[in-house]
Every structure is written in C-alpha cells, then in structure tokens.
Amino acid sequence: MLNETNYFPDYARDGVQYFEGIIPDRLISELLSEIIALCGRKVDLSKNLFPQVEGALFDYLNSNSKSDYLALLRAIKASVRVKQVSITPSVISKAQKLLNSHHISQRSDPVLHITGKKFQLSDLSLAAPWHQDWPALRTSTHTLVVWVPLGGARDKGALSFKVGSHQNGIINSGDVQTVYSIDDKEISDFNTLHQGMLEGDAVFFNSLTAHSSQNTDEFRMAISFRFEDLTCPEWRKRQFTTSQSIVIDKRALTGEEKDIFHK
C-alpha cells in the first residue's frame, strides 16, 4: 500500500491523479439541495446538506417502491446540475491537459454511485471489485474518468487504485455482474493507492486503471463522468460509437478489442 499522505500520483505514470477543491462549493450545494427537494423534503440551508441528503433518500426508499426509488436515482443523474459539475471549466481544462487534446467529448451519461449498508437493495454488494472501466465503455482508447464524491470520501468510502495498471491494456477479467471483475492475482504486481478526499475534490483516472471500492456502513454518494479524445484514430474508425450509446450487450471482449491497446 502506498503512503497516501506522501505519495502524489502522476496521471501519465500512474493512470490516476487527484485535484483538490476543483468543484465549486456552489454547484455541490445546489445539487445536494435539489436531491433533498426531489425526495419531498424541505432544505435547511443552515445545516450541513449531505446528512440531509442521506436522510431524505433513506426515507424515500422506505416510503416508496423499489422501482420508484430507482426512478428517482435516474432523475438525479439526469439533472442539469450534475451536467454543470461535469462541464465545470476547471474540470474541462484538466481533462484536456491530461488527454493532451483540445478536442474532447462526453459521449456517455454520468453515473450515480451510492454505497452504505442501509441502501443495499439486494444480496449484491454495492462495493465494486477490482475492474477497469474501458471494457464496459468501449470508447476512445484515451478515455478519462472523473469521480466526484459529493460529501467527500474518507476511509472505506474512498476508491482504491492499482497505480500503473493502465499501461497493461485490457487485463483478463472474469464473469460480468455489474462490472468486468479482475482476479487479484492479475494485478498483484501493482501497488495499491487508497487516498481520502474532501467535498469539492475530484479524482481523474484512465479508464484502463484498475480500481475498486469497499463495503462500508457509511453513506457515500458520488457521480462519475467520462471524457473521450475525439482525435483517437481507433474511435474514429468505429464511428465514435460506445457501448452505452449503442447498447452493446455485456458480452466477452473480442480479440480485436483486446488488442487495440497493444498496436
């Protein structure tokens, strides 16, 4: 495990980089207030908003059907305020710099991530095993993922990364459930980075960087979104399609898809 207080990851070398305070407080407050209001609760601006979000979502879950709750989550991630977070000028400029391209795209929809024991709807864990995002996205070979924890992410709420794993292309993975899970032995040679984040922070990582989350009793809510390099020759050849935009089944990767990172 890398020393999280003294280690400062570099995107090109490690496939991951953190940025502190990159999301404006105003945007986070507006998004949290909207979530509370969508749950039918009155927003109390004199108090911390994140615990109010936890209480509002939990009450909504217990007062409505599972399908209604999932519909609410879909509405939240479709909110224009989520989009505003994803196109914040400071976020876009960092994405352009890390991708080394001024021609970038957000081809797929944002993803909403919720963890916490009381929000688990089935026996399936809310935690994500080690995985890469690219096999599920199948977009540009230079896809960049941005992960923003709305109330911060400390201790078990933070993501873990296998630094440098992005340089290995597609890593062998097992059966598909929610993600293409990777066996620990496939990435045992890479150091693990686990670093806490405060509200307003964001972590940028390569879609080939292996990462995971842990089971936790604590409530954590995050959004993630992706930037693509529009100049990527492979993506242009495939006419800028993605698995999310053309609804590719979660089938096994073809040999050609596995090899495009090794040309």
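We did not get these values from a lab; they are worked out from the coordinates using the rules stated. Keep in mind that this is a model prediction, so the values were computed, not measured. Here Cβ is always computed from backbone atoms with ideal geometry, including for glycine, and neighbour counts include all displayed protein chains.
What the table below lists for this structure:
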| quantity | calculated |
| --- | --- |
| Projected label distance in nm at Lys97 and Phe119, using a 7 Å step from Cα toward the beta-carbon | 3.1 |
| Length released on extending from Leu70 to Lys47, taking residue separation times 0.36 nm less the Cα-Cα span | 5.6 nm |
| Spin-label zone in region 203-238 - amide nitrogen under 16 Å from a point set 7 Å from the Cα of Ser90 along the C-beta vector | 203-204 |
| Loop-exposed chymotrypsin sites (Phe, Trp or Tyr not before Pro) per DSSP, neighbour cap 16 Cβ within 10 angstrom, longest uninterrupted part of the chain | 8-239 |
| Alpha carbon centroid spacing (whole Å) that separates region 36-50 from region 75-101 | 24 |
| Among Leu121, Ser105, Gly157 the positive-end extreme of the charge dipole of the chain (Cβ point charges) | Ser105 |
| Unit charges on C-beta of K, R, D, E only; dipole of the chain, Debye | 660 |
| Estimated FRET transfer efficiency when R0 is 51 angstrom, pair Glu218-Gln239 (beta carbons, to 0.05) | 0.75 |
| Region 167-236: C-alpha gyration tensor shape, a/c 1.5 cut-off, then a/b vs b/c | oblate |
| Nearest-0.05 FRET efficiency for Gln167 and Thr254, computed from C-beta distance (R0 25 Å) | 0.70 |
| Cα-based shape type of region 24-87, given that a ≥ b ≥ c are square roots of the gyration tensor eigenvalues and the cut on a/c is 1.5 | oblate |
| Structure-based [θ]222 nm, the chain - -39500 (n - 2.57) summed over DSSP H runs of at least 4, per residue, nearest 500 | -8500 deg cm²/dmol |
| Estimated dipole of region 102-254 in Debye, rounded to 20 [Cβ of Lys and Arg +1, of Asp and Glu -1, Cα centre] | 340 |
| Per residue convex hull volume, Cα atoms of region 1-145, in Å³ | 162 |
| Local net charge near Asp217, Cβ-Cβ under 10 Å (Lys/Arg +1, Asp/Glu -1) | +2 |
| Only Lys, Arg (+1) and Asp, Glu (-1) charged, at Cβ; region 24-87 dipole about Cα centre in debye | 180 |
| Of (1) 20.6, 67; (2) 17.1, 53; (3) 18.2, 56, the label for Rg and Dmax of the Cα atoms in Å derived from the coordinates | (3) |
| Estimated FRET transfer efficiency when R0 is 35 angstrom, pair Leu198-His262 (beta carbons, to 0.05) | 0.40 |
| Relative contact order of the chain, defined on C-alpha pairs under 8 angstrom at six or more residues apart (%) | 31 |
| Cα→Cβ-extended label distance, 7 Å offset, between Phe58 and Leu27, nm | 2.9 |
| Other-chain or far-sequence residues with amide H under 5 Å of Arg154's (modelled H) | Met197 |
| Region 91-206, Cα convex hull volume normalised per residue, Å³ | 128 |
